[in-house]
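Note sheet for the following structure.
Coordinate-derived values only; no laboratory data. Please read all numbers here as calculations on a predicted model, not as lab measurements.
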Amino acid sequence: MAAVTPASTTSAQGIFDILRFSSVADADTFASATAPKAFWAFSTFNPATQGSAGVNVTYSSGSYTFYPGENTTTGLYLFIVKG
């Protein structure tokens, strides 16, 4: 478990953010001061090298926590709707 930093961030007119993470591991966290209206994650995992695609993400008390299908995975996008 570690704090992760996005490799890139794109903001769409203050309505939502797209954050790209190069690598996340089980229970890694990302802090965010703004509570989301909605959020979801999308993986770009390589099925040839990573057999368990998919990721779950939760938000609580200013922090997102990632639970990828594998212990460490590459290529994750987090979409945050700010409202």
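Summary of values
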{"item": "Label corresponding to Rg and Dmax of the Cα atoms in Å when calculated from the structure given, among (i) 25.6, 74; (ii) 21.6, 71; (iii) 12.3, 37", "result": "(iii)"}
{"item": "Most mobile of 54, 69, 14 in a GNM of the chain (Cα contacts under 10 Å)", "result": "14"}
{"item": "Highest-fluctuation residue, 38, 27, 12 considered, GNM on the chain with Cα pairs under 10 Å", "result": "12"}
{"item": "GNM flexibility winner over the chain from 33, 41, 25 (Cα, springs under 10 Å)", "result": "33"}
